[in-house]
Amino acid sequence: MLLAEQYGKNRDLRLQVSQTRDADKMFSSTMAGMLTGGMLALVVRRTRRAAVSGALFFGAISAVGQLTYTALNHRRQQWIIRKMGYSTTAETEPKPDESMSLAARLRRAVSVDPITWLPAWFPVRRISSPEYRSILQARQEELTFEMRGLRETIASMDQREQVLLQRLNEEQ
């Protein structure tokens, strides 16, 4: 359902389905594996610790499986295109510099914000400082309102207590 909705948005964003399908399938497979592994471990071992380890293990297996399937599918598509006599985009694209050191490749990988890899429908996103301040301000106003209500409740309870203590003293 979510993938169908995302594919519907591709036209508005001028994206082809093939540009978002692989990342969406990878994300969906990993989440499904994590959910399945967590639930199975919880049912079998009946502990939360087992659920976490099961979720991580099955999520990793699902991610590797989906990555392998996607890579093999792309290789098959490239083979079919070459067999038909067309040139592939992989042959015309410049290859990444293989002479780069491992440290340079790691620096490049770390410099990319991981939140940008998430699909648009995922509920986690980066927010700006003014937006964060407005969220905090709203939360502060909400807490202030709750505190005022609690103070009023405490004050009314203190008054009731005083009245009850007076009645008790009068009866004695």
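Worth a mention:
- Pairing residues of the range 20-32 that are closer than 11 Å to Ser62 by Cα with residues that are aliphatic (A, V, I, L, M), at Cβ distances under 7 Å and at least 6 apart in sequence or on separate chains, gives Met26/Ala63; Met26/Leu67; Ser28/Leu3; Ser29/Ala63; Thr30/Ala63.
- Yes/no for Arg125 being modelled with pLDDT under 95 and under 25 Å from the mean Cα position of the chain (by Cα): yes
- The residue that is most open to solvent (accessible area, probe 1.4 Å), among those in the range 20-76 that are of a type in the set (Gly, Ala, Ser) and more than 21 Å from the chain's Cα centre (by Cα), is Ala71.
- Residues (basic (Lys, Arg) and in a helix (DSSP H, G or I)) located in the range 32-75: Arg45, Arg48, Arg49, Arg75
The values are calculated or read from the model by the stated rules, or taken from the named source; none is laboratory data. Being a predicted model, the structure only gives us computed values, none of them experimental. Methodologically, a virtual Cβ is constructed for each residue, glycine included, from the backbone with ideal geometry; neighbour enumeration extends over all protein chains shown. Heavy atoms of the whole protein, side chains included, go into the accessibility calculation; ligands, DNA and RNA do not. Shrake-Rupley method; radii C 1.70, N 1.55, O 1.52, S 1.80 Å.
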